Amino acid sequence: MPDIIKLLPDSVANQIAAGEVIQRPASVVKELIENSVDAGAGVISVIIKDSGKTLIQVIDDGSGMSETDARLSFERHATSKITSAQDLFAIRTKGFRGEALASIAAVAMVELKTRKKENEAGTMIIINGSRVEAQEPCTCPVGSSFSVKNLFFNVPARRKFLKSENTEMRHIITEFQKIAIAHPAIRFQLYHNNSEIYNLAVGNTRQRIIGIFGKPVNNDLITLDTQTNLINISGFIGKPENARRTYGEQFFFVNNRFMKHPYFHKAVTEAYQNILPPDAIPSYFIFMEIDPASIDINIHPTKTEIKFEDERSIWQILMASVRESLGRFNIVPSLDFDNEMLVDIPVRTPSSGIPEPPEIRINRQYDPFAAEGSGRPANEFIENFEKENTLNWDKLYAGLESDPREPVRQDSQRKFIQVKNKYIVCPVKSGLMVIDQKRAHERVLFEKFLENMGKNQSSSQTEMFPVTIEINPADIPVLMEIEKDLLIMGFRIIHSGSSRISVTGVPSDCSAQDPAELLEILLEDYKNSQGDPSAGVREKVAAAAACAAAIPYGKVLAKNEMEDLFDTLFACNAPNYSPRGKPVVSIITLEEIDKRFR
C-alpha cells in the first residue's frame, strides 16, 4: 500500500499561512507598517488604491536591506527579530514570526525596492504568488518600498468575499491609527486614490491623538500616569461628560503594541462607575510598560491578543489608576490627592505572604431597630416602606379583559406604569404585559424608515443652525457608503472637509436628537451590523437609524407618550421583536404572579 502522507509544496503552505495572517487588505497594511517601524523609519508613507484591492504601497526611510536579506525576507520563518526560543520572552519588536512577507507574496503580486545606507545601489525583487520572477540591482532611496498589487489574484474565493471598498478602507484606516498612535515620533502619511487622508507630523502622544481624531478631543483628555514595581501605566482617559454611546476611541497598548483586552476594558469602565450612564462608553488611550517576560504575545497570528502572567493585579492597578486620575480632576470624590505625588498602589506578590486579618469588634448591645437618640423602635421605617410601596391594585387591574391589539379607549381602562424609566407595564387579560420602551420605539421607527425608503419619500426637519461635526476619518467611507439611503430617510449632509461634515437636516422623527450623537450612534450600529448576512443595506441603515433615534432608557414618559408608543407598536408588522431580533414584549402571567405568593 503506497504512502499517503506528503509534504506540502512551499506555495501551498504559504497560502495556508496567509489565511491566518492576511485576512483582508488591512492585514497587509498592518504587517508592512510594522516592518517599517521595526526598521527604524522616521517617515512612513502608505498609498492605497481601490481600498487595497488594486495597490497597497508602503514606503519608509528605515535601515533598508542588503541583496541577500531582501531575498530571504520572503522565506517562511525567516526573521531578523529572534534567533532562539529564549528570545520569545524578551520581544519588543512588532514582527517576529517570519510569516508576514511570505504570506503576502503567496496571495499577491509583490515588488520590493530596498537599499541600505552604505550601499550605492539597491535591490529590486518581483514575486507573483510565491514565485520569484526577477531580482536585480536598482536605483532607489535608502529604506524600503513594498508594492502589493492585485491582492488575492490567485485565490478568487478570498477576493470574492472581500467587503465593499468603503468597508475595507475603514479597516485600513483603523489599523493605520493603531500604529500611528503608538509611535508619535514617526511621521505618518496615508493616501487613498490620490487623496490625502492623514499627514501626521512628529510630536508627542497628545499631539498625535489630536492629529488623528481632531482638535475637539484635546479638551477631553485627562492624563494617566502610574508607576508600580509590576507595571507602568500612562496615557489619557476621556472626561465622563464626553463619553459616547458607541465604541471607537478605546485603545490599549502594551510595550507600544496595540492589544485587545476585554478584561482590562472592564477595569476602566468600573472606575467610571456611578459617574456614567449605563450605556455610555469612556474613551481611553492607555499605554502599559511591562517586562516582556511576563506576557505572551505569541498566542495568535495577528498578535493582538496578549496573555499576562498576573492579570488580576494589573486589573486592580489599572482601575485604581483611572480612579486616581478622575479624582485629580475633581470628577469623582477624592481624599488628600497630592498633585506632585502619585498614589502608592500596593501589589501583592506570591512572596509577600498573607496579611493578618483585621480584628472585627462587635457591639452586642447595638439595636438596629432602635432610632438613634430617641429610644423608639424603628418600626417607622417599616411602616413608611409599606406605605410607599403600596399600589392601588383596583386601579392596576382595571381593564384586565382588554386586548392590547384592540385597546379600550376609555381612560379608566387604559392603564400604563413606567418602571425604572425603562419598561412600560400594562394589565392584559392573561396578566401583566411588559414592554421595553427603547426596543419598541426602534421597531416603530424601523418600519417607518423602511416604508419611506421604499417610496423614496422622506420627511426632513431642517436645522435652523447647521451642526458641524468632526468625525473619525475611519467612518468617512462608511458614511459615503450609506449616504444615499440617509438622504432618502431625511438626513441632509454637506461635506466641508476631509473629516468634517455639516448636518443641515435630520428625519422629522429624529428632530429632538442631537445630530452629532445621532450620526455617531447610527454609524457605529451600522458598522456592527456588517456581519449580518440576512439583512440588505437598506435594512441595516434603517435599523441603525432606528437604534440611534429611539427614545433612550432613563427617559420619563408621560401617559399620552406611553399610549402613543403602545398603539404604534401594535400597528407594526412584527411588534414582538426589535430590528435586531431582540424581544420587545413579555407577558408575566397571573399563574407566575400567583406562584410568588404561595
Could you check region 475-526 and list, in sequence order, the residues that are in contact with a strand residue (DSSP E or B) (Cβ under 9 Å, 6 or more places away or on another chain), acidic (D, E) and closer than 21 Å to N193 by Cβ?
E483
Of the candidates R170, R131, R159, the one satisfying the condition of being over 30 Å from the mean Cα position of the chain (by Cα) and in contact (Cβ under 8 Å) with a residue 12 or more places away in the chain is R131
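Please indicate, with yes or no, whether at least one residue in region 479-495 is in contact with a Gly (Cβ under 6 Å, 6 or more places away or on another chain) and modelled with pLDDT under 75. If you could, list the steps in order and put the result at the bottom.
So the first thing to find is which residues in region 479-495 are in contact with a Gly (Cβ under 6 Å, 6 or more places away or on another chain), and the list is 492.
If we keep only those that are modelled with pLDDT under 75 too, we end up with none.
Checking region 479-495: not a single residue is in contact with a Gly (Cβ under 6 Å, 6 or more places away or on another chain) and modelled with pLDDT under 75.
Yes/no matrix, rows are residues, columns are (1) among the charged types (D, E, K, R); (2) outside the structural domain of E520 (by TED's automatic domain parsing); (3) part of a loop (DSSP other than H, G, I, E, B); (4) closer than 29 Å to E31 by Cα:
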| site | (1), (2), (3), (4) |
| --- | --- |
| T246 | no, yes, yes, yes |
| F251 | no, yes, no, yes |
| P278 | no, yes, yes, no |
| I286 | no, yes, no, yes |
| S313 | no, yes, no, no |
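Evaluate region 450-458: report whether one residue or more is at pLDDT 85 or above and crowded, with 17+ Cβ neighbours inside 10 Å. Show your work before the answer.
Pass one, region 450-458, residues at pLDDT 85 or above: 450-451.
After this cut, where a residue has to be crowded, with 17+ Cβ neighbours inside 10 Å as well, the list is 450.
There is at least one residue in region 450-458 that is at pLDDT 85 or above and crowded, with 17+ Cβ neighbours inside 10 Å.
Residue by residue through region 23-71, note down the ones that are of a type in the set (S, T, N, Q) and either farther than 19 Å from M124 by Cα or outside any loop (DSSP other than H, G, I, E, B) (or both).
Of all residues in region 23-71, those of a type in the set (S, T, N, Q) come to 23, 27, 35-36, 45, 51, 54, 57, 63, 66, 68.
Those that are of a type in the set (S, T, N, Q) and either farther than 19 Å from M124 by Cα or outside any loop (DSSP other than H, G, I, E, B) (or both): Q23, S27, N35, S36, S45, S51, T54, Q57, T68.
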Quick test of your reading of the structure: I281 fulfils all but one of (1) closer than 13 Å to I317 by Cα; (2) at pLDDT below 90; (3) aliphatic (A, V, I, L, M). Name the failing condition by number.
(1)
Region 265-282: number of residues that are surrounded by fewer than 20 Cβ atoms within 10 Å (Cβ to Cβ) and not hydroxyl-bearing (S, T, Y):
11
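For every residue, the table says whether it meets (1) hydrophobic (A, V, I, L, M, F, W, C); (2) out of contact with any strand residue (DSSP E or B) (no Cβ under 9 Å at 6 or more places or on another chain); (3) surrounded by 19 or more Cβ atoms within 10 Å (Cβ to Cβ).
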position: I104; (1), (2), (3): yes, no, yes
position: A108; (1), (2), (3): yes, no, yes
position: T114; (1), (2), (3): no, no, yes
position: N128; (1), (2), (3): no, no, no
position: Q135; (1), (2), (3): no, no, no
position: L151; (1), (2), (3): yes, no, yes
Here is a check on your reading of the model: is N472 closer than 22 Å to S195 by Cβ, touching a residue at least 24 places away in the same chain (Cβ under 8 Å) and in the same structural domain as N528 (by TED's automatic domain parsing)?
yes
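Where in region 511-587 are there helices (runs of 4 or more DSSP H), lying fully within it, with 2 or more residues that are more than 21 Å from the chain's Cα centre (by Cα) and either within 25 Å of Q461 (Cβ to Cβ) or at pLDDT below 90 (or both)?
Values: elements: 515-528, 537-549, 559-569.
In region 511-587, 537-549, 559-569 are the helices (runs of 4 or more DSSP H) which contain 2 or more residues that are more than 21 Å from the chain's Cα centre (by Cα) and either within 25 Å of Q461 (Cβ to Cβ) or at pLDDT below 90 (or both).
The values are calculated or read from the model by the stated rules, or taken from the named source; none is laboratory data. Just so it is clear, the model here is predicted, and its values are computed rather than measured. Note that each Cβ is placed from the backbone with ideal geometry, even for glycine, and that neighbours are counted across all protein chains shown.
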